[in-house]
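Student: Structure provided below as structure tokens; questions to follow.
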Amino acid sequence: MYKLYIPHGQTEPQVVMRADGDATTFIPFDPANTDYQAFKANLAKGVELQDADGNVLTTEQVATFLQGLA
Amino acid sequence: MSFPANPSNGQAAIVNKITYQYSSATNTWTKLTSLPTYLANLTANNSITIGNLTMNGNLTNITAAGNLYIGGTGVFGTALNYVPANAPVQVGFNINNYSQFSIQNANTGNNASTDIAAIANNGSDNDTYVDMGIIGSGYSQASYNLYNPNDGYLIVAGNTITQGGNLILNTYQANDIIFATGGTQKNNEVMRVTSANVVNIKSTNTSTSTTTGALIVAGGAGVAGNLNVGGNTVVTGTSTFSSYISAPNTFGFKNRIINGAMVIDQRNAGASVTIPATTVTYDVDRWAGYGTQASKFTLQQSSSAPAGFVNSIVATSSSSYSVGATDEFIIQQTIEGFNIADLGWGTANAQAVTLSFWVQSSLTGTFGGTVTGYSNALSYTFGYTISSANTWTKIIITIPGPTTTTWNTTNGGGMVVRFSLGAGSSQSTASGSWTSGFYFSVPSAISVVGTNGATFYITGVQLEKGSTATSFDYRPYGTELALCQRYCFKYTVASNYGPYFMAHGIGTTTGRGLLKFPQTMRSNPALTFPAASSFQWSFGNVFSSIALAEQGFDQSSIDFTTTGLAANGGYMVTSANNTTSYILASAEL
């Protein structure tokens, strides 16, 4: 499960959060980052994505979101 | 012997050791009791025919102006093809066999030899001559113990005044000087000095020490020009270089594997890691486990190691899993494209690499591994044998450079080195060539995950350019750590309120800090934090959240929420009464 994160003072998500047991990993939107590559691959497989407020994105919303990613 | 035909009046002849003189008046030969005057004083204009000449004394009265012909031009024989000038003594032959001018000293004494000597005008018996000869069979002289009985020799005795005395071997025309031993066949040639000024040592003897090989030099050797060595070079002394050194796999990052000695373990500090399904999971730095099934093996840093190493990584089978056709279980390291760019892979100039490593297993047999592209599906599988259980074995695999496909040479993955712990039939292919597709082992290789509790240790992994494995590149710890930190850096603290980074207050409940990385990372790293309550601002309150705000290759900005902050106030972020908190930056491949 992934959740988008909007940093203080910004309006759009810059990173995505992934729960790793008791820890949380914040993944930057960098195509060279393998966690980011895995994030996109997992979204394509249907893994759940929440917006910054915790709302689960629909399949269509995820597809739209993916199109906007690098 | 008969008398000569058509003799002239007064001509003498010696027949059967008796001297006769011819009289044309009577046409008879008369026995003489003494030599005629002209026979005793032969001049260039006289001639004499001798059948068999036996002498017990000296042959004298051949003056400086006269010539002695034996067998060749003159009264003693037929004309030769070539009559040399300035040759008072001429010997000619016309024999279809080896023709010899033979001399022999029949003496068997300890000082006897047989010599032909040419003596300079100022020479003597021990000075200024050249002497070709052979030692007698009874020779024994302590002061000349270089010579053994029946040795042949060619000696020049120099002159202490003129300083002459060089031995000159000269073909004069553009021909070679050839040295051969043991026979007269071409393969007996051991050295040739060619007319092109090349000294060619033909021997192919292998050198395994300073006293073996085709050329053995007891002292030093000076080489003014280039020195090209096709084989290996072993230097037991100190090497001093006064200019630049160019060596593809010897100096400076020759080992493309990072943390090949398994010394650095930032993430787990020696703790065991269970490998989940289909997720690359790192154990010691840069080394990850991967499996198509969950929890079939663990990885852990080990202190078991062969001589010269301190650590290894051990894979321990967690069950007796029978691998399916599409299963794969591996230990792997992905090498960044920048670090293989010089190999020229995917081009006609692709360079070979050599993979060497130490392995130990509780199992024996043929194990498998592979080198594959990261972004291309090209595999080179290899098999190797562990013959003795629980015994460290060094393996060397040479891999030709692939000339096809595109290999990443930037900050993405370049190639992946994998060691199989079990692979299904569709994941395996025969070793020894580059094959399209992703393959991870060789057919019928040992499956470590197939035996519960089976172990597989590996360390000293080195991948270097070239076809020769060299000694492991044991880099300084700080250097190895810095190399690892391009891919992963784990901030930890040693005290309960250990410092992490400096920050400022945005408002009373929100703040932002700057986290600087010790190395420029491969990509913008992902940051992992434990529970936010593990952190606090110094001498203040614990955090309720902590998150990555903006990311770069060299630093991150980190957001946090807490209480008691002042806008624009400066703060140090520390651990909150613990030493277990951390911040993990990962830009792994």
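The values are calculated or read from the model by the stated rules, or taken from the named source; none is laboratory data. On a predicted model such as this, the values are computed, not experimentally measured, just so you know. Glycine also receives a Cβ, built like all others from the backbone with ideal geometry; neighbour counts cover every protein chain displayed.
Student: Restricting to region A:40-57, count the residues that are within 14 Å of another protein chain (Cβ to nearest Cβ), within 23 Å of B:Thr279 (Cβ to Cβ) and surrounded by 12 or more Cβ atoms within 10 Å (Cβ to Cβ).
Tutor: Qualifying residue count for the region: 3.
Student: Pairs please, first residue from region B:143-166 and in a loop (DSSP other than H, G, I, E, B), second anywhere and exposed (fewer than 10 other Cβ atoms within 10 Å of the Cβ) and not charged (D, E, K, R), Cβ atoms under 8 Å, 6+ apart in sequence or on different chains.
Tutor: Close Cβ pairs satisfying both conditions: B:Gly158/B:Asn166.
Student: Give, as residue ranges, the strands (runs of 3 or more DSSP E) completely inside region B:1-57 that count at least 1 residues that are at pLDDT 60 or above and within 29 Å of B:Pro88 (Cβ to Cβ). Working first, answer last.
Tutor: On the way: elements: B:12-15, B:18-23, B:28-31.
In region B:1-57, B:12-15, B:18-23 are the strands (runs of 3 or more DSSP E) which contain 1 or more residues that are at pLDDT 60 or above and within 29 Å of B:Pro88 (Cβ to Cβ).
Student: Can you confirm whether region B:455-467 contains a residue that is of a type in the set (Ser, Thr, Tyr) and within 14 Å of chain A (Cβ to nearest Cβ)? Walk me through how you get there before you give the answer.
Tutor: Within region B:455-467, the subset of a type in the set (Ser, Thr, Tyr) is B:455, B:457, B:459, B:467.
Those left that are additionally within 14 Å of chain A (Cβ to nearest Cβ): none.
No, region B:455-467 has no match at all.
Matching residues to (1) surrounded by 23 or more Cβ atoms within 10 Å (Cβ to Cβ); (2) at pLDDT 95 or above; (3) within 21 Å of B:Val284 (Cβ to Cβ):
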position	(1), (2), (3)
B:Ile335	no, yes, yes
B:Thr366	no, yes, no
B:Val371	no, yes, yes
B:Thr385	no, yes, no
B:Trp407	yes, yes, no
B:Leu421	yes, yes, yes
B:Thr435	no, yes, no
B:Phe440	yes, yes, yes
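Student: If the requirement is being within 14 Å of chain B (Cβ to nearest Cβ), over 24 Å from B:Leu584 (Cα atoms) and not small (Gly, Ala, Ser), which of these qualifies: A:Glu12, A:Glu60? Walk me through how you get there before you give the answer.
Tutor: Working: A:Glu60 fails: within 14 Å of chain B (Cβ to nearest Cβ).
Exactly one residue qualifies, and that residue is A:Glu12.
Student: Somewhere in region B:522-535, is a residue of a type in the set (Ser, Thr, Tyr) and either more than 48 Å from the chain's Cα centre (by Cα) or more than 30 Å from B:Asp283 (Cβ to Cβ) (or both)?
Tutor: Of region B:522-535, the ones of a type in the set (Ser, Thr, Tyr) are B:523, B:528, B:533-534.
Still in the list and also either more than 48 Å from the chain's Cα centre (by Cα) or more than 30 Å from B:Asp283 (Cβ to Cβ) (or both): B:533-534.
Looking through region B:522-535, at least one residue is of a type in the set (Ser, Thr, Tyr) and either more than 48 Å from the chain's Cα centre (by Cα) or more than 30 Å from B:Asp283 (Cβ to Cβ) (or both).
Student: Taking the condition of a type in the set (Gly, Ala, Ser), within 30 Å of B:Phe338 (Cβ to Cβ) and either part of a loop (DSSP other than H, G, I, E, B) or more than 12 Å from chain A (Cβ to nearest Cβ) (or both), does B:Ser556 pass?
Tutor: Numbers: of a type in the set (Gly, Ala, Ser): yes; within 30 Å of B:Phe338 (Cβ to Cβ): yes; either part of a loop (DSSP other than H, G, I, E, B) or more than 12 Å from chain A (Cβ to nearest Cβ) (or both): no.
So B:Ser556 fails the test.
Student: Exactly one of (1) within 10 Å of the chain's Cα centre (by Cα); (2) within 8 Å of chain B (Cβ to nearest Cβ) is unmet by A:Thr25. Its number?
Tutor: Failed condition: (1).
Student: Would you point out which residue out of B:Ala315, B:Ala305 is closer than 14 Å to B:Gly422 by Cα and in contact with a strand residue (DSSP E or B) (Cβ under 9 Å, 6 or more places away or on another chain)? Outline the logic, then answer.
Tutor: Working: B:Ala305 fails: closer than 14 Å to B:Gly422 by Cα.
Sole residue among the options that is closer than 14 Å to B:Gly422 by Cα and in contact with a strand residue (DSSP E or B) (Cβ under 9 Å, 6 or more places away or on another chain): B:Ala315.
Student: Are there any pairs with C-beta distances below 7 angstrom linking a residue in region B:280-302 that is touching a residue at least 24 places away in the same chain (Cβ under 8 Å) and surrounded by fewer than 20 Cβ atoms within 10 Å (Cβ to Cβ) to a residue that is in a strand (DSSP E or B) and acidic (Asp, Glu), with the two at least 6 apart or on different chains, and if so which?
Tutor: The qualifying pairs are B:Thr292/B:Glu328.
Student: Among the numbered criteria (1) modelled with pLDDT of 95 or more; (2) on the phi > 0 side of the Ramachandran plot, which single criterion is violated by B:Ser575?
Tutor: The one condition B:Ser575 does not meet is (2).
Student: More than 14 Å from chain A (Cβ to nearest Cβ), under 20 Å from B:Leu299 (Cβ atoms), within 27 Å of the chain's Cα centre (by Cα) and in contact (Cβ under 8 Å) with a residue 60 or more places away in the chain: does that describe B:Phe367?
Tutor: Values: more than 14 Å from chain A (Cβ to nearest Cβ): yes; under 20 Å from B:Leu299 (Cβ atoms): yes; within 27 Å of the chain's Cα centre (by Cα): no; in contact (Cβ under 8 Å) with a residue 60 or more places away in the chain: yes.
So B:Phe367 does not fit the description; no.
Student: Please enumerate the residues belonging to region A:15-39 that are touching a residue at least 12 places away in the same chain (Cβ under 8 Å), surrounded by fewer than 20 Cβ atoms within 10 Å (Cβ to Cβ) and either under 24 Å from B:Thr410 (Cβ atoms) or among the hydroxyl-bearing types (Ser, Thr, Tyr) (or both).
Tutor: A:Phe29, A:Pro31
Student: When you scan region B:97-117, do you find a residue that is within 30 Å of B:Leu215 (Cα to Cα) and either of a type in the set (Phe, Trp, Tyr) or modelled with pLDDT of 90 or more (or both), even just one? Full working, then the answer.
Tutor: Pass one, region B:97-117, residues within 30 Å of B:Leu215 (Cα to Cα): none.
Taking every residue of region B:97-117 in turn, none turns out to be within 30 Å of B:Leu215 (Cα to Cα) and either of a type in the set (Phe, Trp, Tyr) or modelled with pLDDT of 90 or more (or both).
Student: I need a count of the residues in region B:579-589 that are within 13 Å of chain A (Cβ to nearest Cβ) and not in a strand (DSSP E or B).
Tutor: So the first thing to find is which residues in region B:579-589 are within 13 Å of chain A (Cβ to nearest Cβ), and the list is B:580-589.
With not in a strand (DSSP E or B) added as a condition, the list becomes B:580-581, B:587-589.
Matching residues across region B:579-589 total 5.
Student: Test A:Leu4 against the criterion of being out of contact with any Ser or Thr (no Cβ under 7 Å at 6 or more places or on another chain), in contact (Cβ under 8 Å) with a residue 40 or more places away in the chain and either of a type in the set (Val, Ile, Thr) or more than 13 Å from chain B (Cβ to nearest Cβ) (or both), and give yes or no.
Tutor: Against the criterion (out of contact with any Ser or Thr (no Cβ under 7 Å at 6 or more places or on another chain), in contact (Cβ under 8 Å) with a residue 40 or more places away in the chain and either of a type in the set (Val, Ile, Thr) or more than 13 Å from chain B (Cβ to nearest Cβ) (or both)), A:Leu4 does not qualify.
Student: When only residues in region B:559-573 that are away from every other protein chain (no Cβ under 13 Å) and buried (at least 22 other Cβ atoms within 10 Å of the Cβ) count, which is nearest to A:Pro13 (Cα to Cα)? Walk me through how you get there before you give the answer.
Tutor: Going through region B:559-573, the residues away from every other protein chain (no Cβ under 13 Å) turn out to be B:563-564, B:566, B:568-573.
Restricting the remaining residues to those that are buried (at least 22 other Cβ atoms within 10 Å of the Cβ) gives B:571, B:573.
Working: B:Tyr571: 26, B:Val573: 24 Å.
Applying the filter and picking the extreme gives B:Val573.
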